[in-house]
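S.K.: If you scroll down you'll find the structure; I have some questions about it.
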Amino acid sequence: MRRAMAVVAAVVLLAGTGCQESETVKVGVVAPLTGDVMTFGESMRNGALMAFEEANAAGGVGGRLLQVMVRDDANEPGRAAEAGRELVEQEAVVAVLGSVSTECTLPLADICQAAGVPLVVPASTNPKVTVAPDGARRVCVFRACFTDSFQGAVAAKFARGALDARTAAVLFNSSDEYSRGLAGFFRDAFVAAGGQVPVFESYAAGEEDFRAQLEFARVQAADVLFLPDYYSRVARVVRQARELGLRTTLLGGDGWDSPEMPEQAGDAILGGYFTNHFSPDEPRPEVKEWVNRYKSKYGEPPDALATLGHDAALLLVEALRRAPQSKPAEVCVALAATSDFQGVSGAISFDEHGNAVKNVVIAQYRADGVRFVTTERP
Amino acid sequence: MTYFLQQLINGLQLGFVYALIALGYTMVYGIVRLINFAHGDVFMVGAYLGFFALASWGLPFPLAIVVAMVGCAALGVFIERVAYKPLRNAPRISALITAMGVSLFIENFTNLNFVFGPTPRAFPRPFAVRTFGLGGVEITNVQLIVFGVAILLMVGLSLFVGRTRTGRAMRAVSQDRDTARLMGINVDTVISITFGIGSALAGAGGVLYGIAYPQIQPMMGIMPGLKAFVAAVLGGIGIIPGAMLGSLIMGVVETFTSAYVSSTLRDAVAFGILILVLLVRPTGLLGKSHSDKV
């Protein structure tokens with residue numbers, strides 16, 4: 001009996017010290033800070049850190065300060081899984097924010113879902129992120145961005161409507177989940193809207209010669225060339241396309257948005273349109289205010305990833321405020337209850353799959369930078 | 001017809017780059033019967049040396065190729081001395097596994113932030129890209145340079161192996177190492193020279209690859225390395241003209257698969273060739289079948 005009492009006392013003591021240690025609320029951030037989509041990771045981290053710092057300056061959540069742990073995944077799924085396990089199992093974070101590419105977010109989603117820790121995804125657009133392969137909804141995973149079926153449909157609508165394109169050529173990365181997914185969604189929507197897709201070709205990771213596919217696209221003389229991939233590879237593709245004399249209007253997805261794009265692609269990218277989450281010159285007061293705030297801290301205008309990182313972090317902070325114990329399960333419930341949250345990239349509500357429903361921005365690469373064209377819904 | 005010719009040029013460009021890598025594979029195999037899997041990574045290091053020569057040291061383009069070739073030759077000899085020489089009399093499988101280890105080491109070591117880092121770098125073009133029209137077919141100055149340098153190096157290699165004393169020593173060692181040693185040939189030196197020359201060619205290939213596909217990163221050598229290996233097997237591993245022929249065929253077949261069949265089948269066809277060659281003609285296109293010495 002006495003021994004049982006001692007055990008109970010020890011447990012109470014341990015629990016007590018546990019409480020005192022959690023003066024801060026631990027939050028993990030996983031982002032590609034090196035590798036081929038490095039600018040995405042840096043922007044996302046900057047945007048998210050800004051939101052967390054502002055929350056701490058305003059007194060934290062429920063009287064406790066946020067402690068943010070940032071991990072690099074180098075845009076490699078294995079590294080993302082490693083970072084996710086460390087954050088969830090060793091650091092026992094309350095929630096995780098990340099990552100950028102679908103390839104890296106999928107292992108994170110598995111780990112967080114299994115541990116019941118909420119994952120807020122700033123920018124991975126593949127539908128599989130919030131829905132497991134068996135069709136079950138991952139109830140702990142939420143995202144602050146639209147999905148690829150959504151943006152693929154918008155890109156197709158824009159190509160058929162504003163660009164008046166009858167035929168489209170699609171060239172995608174067959175080794176990448178995001179690229180494959182978006183290519184398919186665009187093709188389906190473009191064909192459904194009465195267009196034709198005579199060229200639906202791919203290349204694999206590690207392949208650097210796209211001339212054969214591009215030459216095929218050139219002789220087919222499609223009205224638009226849709227390139228759903230990340231900026232560094234798109235830059236190489238468009239350079240080779242222009243060298244071959246392919247002058248088709250270029251079209252792409254949110255993977256195009258990077259300050260590195262004009263540097264790596266040069267003049268080849270000029271005139272290209274892409275669907276995006278945000279544009280710094282969109283005429284909305286919230287956007288203006290955000291652009292100024294970001295500029296004064298980091299010295300450059302925010303791109304879509306910075307904005308999404310910021311919105312995702314705000315979503316999380318707001319949910320944490322509605323979860324007084326800051327227990328992961330509680331935060332999941334609070335996140336799911338989010339409705340009409342006013343983010344910079346638009347009002348966010350979650351649909352039944354945990355995906356944000358909002359407008360898509362269409363932007364264009366011009367000689368003076370990225371310019372806002374219009375906003376669309378499918 | 002124009003389409004065919006245009007795709008042929010695209011295929012040859014790829015083929016010539018493969019050829020510069022495949023030559024190193026085949027030379028080393030011919031002499032020490034080792035598939036040097038680190039060869040694709042030497043090619044990557046060559047691309048980086050060319051990058052530093054052009055971007056950081058501001059050297060002219062021909063000198064950048066020389067820097068890459070000399071640097072890679074040194075690296076190749078170093079790898080041979082440290083990793084393969086101690087295993088010269090070990091079973092061949094040990095050397096093969098070591099080669100894979102060296103390959104993984106180079107990839108991951110150069111991937112570290114204080115070496116080359118995982119972030120891809122844009123390879124500088126020392127000249128503007130110009131396109132020439134030839135009867136409806138377009139060819140760029142980059143392609144002409146790739147063709148020119150590759151042909152020059154291959155002719156140089158053929159002359160070296162066929163006409164010089166060292167070349168004769170190399171051929172002798174490849175035919176029979178022990179007899180060559182009895183004839184007074186310093187086998188170790190010949191092997192080192194072979195690694196040096198093979199690696200130098202890969203280094204030049206790296207720079208040419210850099211100007212043709214201007215972005216480099218530490219894992220860039222894996223796929224071209226594998227494809228060049230297939231090309232060397234296709235032409236007959238150990239046979240120098242076979243590596244050239246095999247590489248050009250590989251480049252053109254890959255391009256034509258994309259052009260006329262489907263780009264998703266490109267790699268399937270490339271590696272399908274390897275399987276087919278091994279089944280039907282294991283000695284390769286130019287190989288002569290001979291029974292191994294017992």
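The values are calculated or read from the model by the stated rules, or taken from the named source; none is laboratory data. Remember, predicted model here, so these are calculated numbers, not experimental data. Cβ coordinates were reconstructed from backbone atoms using ideal geometry, including for glycine residues, and neighbour counts include every protein chain displayed.
S.K.: For the stretch B:123-215, which helices (runs of 4 or more DSSP H) that fit wholly inside it have 2 or more residues that are touching a residue at least 40 places away in the same chain (Cβ under 8 Å)?
M.R.: Here the list reads B:141-163, B:165-175, B:187-212.
S.K.: Sticking with this one: Scan the stretch A:107-140 residue by residue and report those that are touching a residue at least 40 places away in the same chain (Cβ under 8 Å), more than 13 Å from A:VAL30 (Cβ to Cβ) and of a type outside the set (D, E, K, R).
M.R.: A:ALA115, A:GLY116, A:PRO118, A:THR125, A:ASN126, A:PRO127, A:THR130, A:VAL131, A:VAL139, A:CYS140
S.K.: Another question, then. Of all residues in the stretch A:284-312, how many are touching a residue at least 24 places away in the same chain (Cβ under 8 Å) and either in a loop (DSSP other than H, G, I, E, B) or in contact with a strand residue (DSSP E or B) (Cβ under 6 Å, 6 or more places away or on another chain) (or both)?
M.R.: The number of residues fulfilling the criteria is 6.
S.K.: Here's a follow-up. Which ones in the stretch B:139-161 are crowded, with 18+ Cβ neighbours inside 10 Å and within 11 Å of another protein chain (Cβ to nearest Cβ)?
M.R.: Matches in the stretch B:139-161: B:ILE139, B:THR140, B:VAL142, B:GLN143.
Table: residues versus (1) in contact with a Phe, Trp or Tyr (Cβ under 6 Å, 6 or more places away or on another chain); (2) at pLDDT 95 or above; (3) outside the structural domain of A:PHE350 (by TED's automatic domain parsing); (4) buried (at least 22 other Cβ atoms within 10 Å of the Cβ).
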position: A:GLN113; (1), (2), (3), (4): no, no, no, no
position: A:THR125; (1), (2), (3), (4): no, no, no, yes
position: A:VAL129; (1), (2), (3), (4): no, no, no, yes
position: A:ASP134; (1), (2), (3), (4): no, no, no, no
position: A:CYS140; (1), (2), (3), (4): no, no, no, yes
position: A:VAL154; (1), (2), (3), (4): no, no, yes, yes
position: A:GLY161; (1), (2), (3), (4): no, no, yes, no
position: A:VAL170; (1), (2), (3), (4): yes, yes, yes, yes
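S.K.: List the pairs whose first member sits in the stretch A:206-224 and is at the interface with chain B (Cβ under 7 Å from one of its Cβ atoms), whose second member is outside any loop (DSSP other than H, G, I, E, B) and charged (D, E, K, R), and whose Cβ atoms are under 7 Å apart, counting only residues at least 6 apart or on separate chains?
M.R.: A:GLU208/A:ARG236; A:GLN213/A:GLU201; A:PHE216/A:GLU201
S.K.: Given the conditions (1) under 30 Å from B:THR257 (Cα atoms); (2) under 19 Å from the mean Cα position of the chain (by Cα); (3) surrounded by 19 or more Cβ atoms within 10 Å (Cβ to Cβ), which single one is not true for A:VAL121?
M.R.: Single failed check for A:VAL121: (1).
S.K.: Let me ask something else about it. Could you check how many residues of the stretch A:253-270 are under 21 Å from A:ALA159 (Cα atoms) and either within 14 Å of another protein chain (Cβ to nearest Cβ) or touching a strand residue (DSSP E or B) at 6+ places or on another chain (Cβ under 7 Å) (or both)?
M.R.: 7
S.K.: Given the conditions (1) in a helix (DSSP H, G or I); (2) within 18 Å of B:ILE222 (Cβ to Cβ), which single one is not true for B:ALA95?
M.R.: Among (1) in a helix (DSSP H, G or I); (2) within 18 Å of B:ILE222 (Cβ to Cβ), B:ALA95 violates only (2).
S.K.: Sticking with this one: Say we look at the stretch B:220-241 and pick out the residues that are of a type in the set (Gly, Ala, Ser) and under 12 Å from B:GLY24 (Cα atoms); which of these is farthest from the other protein chains (Cβ to nearest Cβ)?
M.R.: Result: B:GLY238.
S.K.: Can you tell me how many residues within the stretch B:17-52 are in a helix (DSSP H, G or I) and either away from chain A (no Cβ under 12 Å) or at positive phi (or both)?
M.R.: Here the count works out to 25.
S.K.: Do we find a residue being closer than 22 Å to A:GLU53 by Cβ, in contact with a His (Cβ under 9 Å, 6 or more places away or on another chain), touching a residue at least 60 places away in the same chain (Cβ under 8 Å) and among the hydrophobic types (A, V, I, L, M, F, W, C) anywhere in the stretch A:346-365?
M.R.: The answer is no, given that none of the residues of the stretch A:346-365 is closer than 22 Å to A:GLU53 by Cβ, in contact with a His (Cβ under 9 Å, 6 or more places away or on another chain), touching a residue at least 60 places away in the same chain (Cβ under 8 Å) and among the hydrophobic types (A, V, I, L, M, F, W, C).
S.K.: Let me ask another. How many of the residues in the stretch A:225-252 are facing chain B (nearest Cβ under 7 Å) and in a helix (DSSP H, G or I)?
M.R.: Total meeting the criteria: 3.
S.K.: I would also like to ask the following. Among the residues of the stretch A:188-224, how many are assigned to a helix (DSSP H, G or I), surrounded by fewer than 21 Cβ atoms within 10 Å (Cβ to Cβ) and touching a Phe, Trp or Tyr at 6+ places or on another chain (Cβ under 7 Å)?
M.R.: Residues flagged as assigned to a helix (DSSP H, G or I), surrounded by fewer than 21 Cβ atoms within 10 Å (Cβ to Cβ) and touching a Phe, Trp or Tyr at 6+ places or on another chain (Cβ under 7 Å) within the stretch A:188-224 amount to 1.
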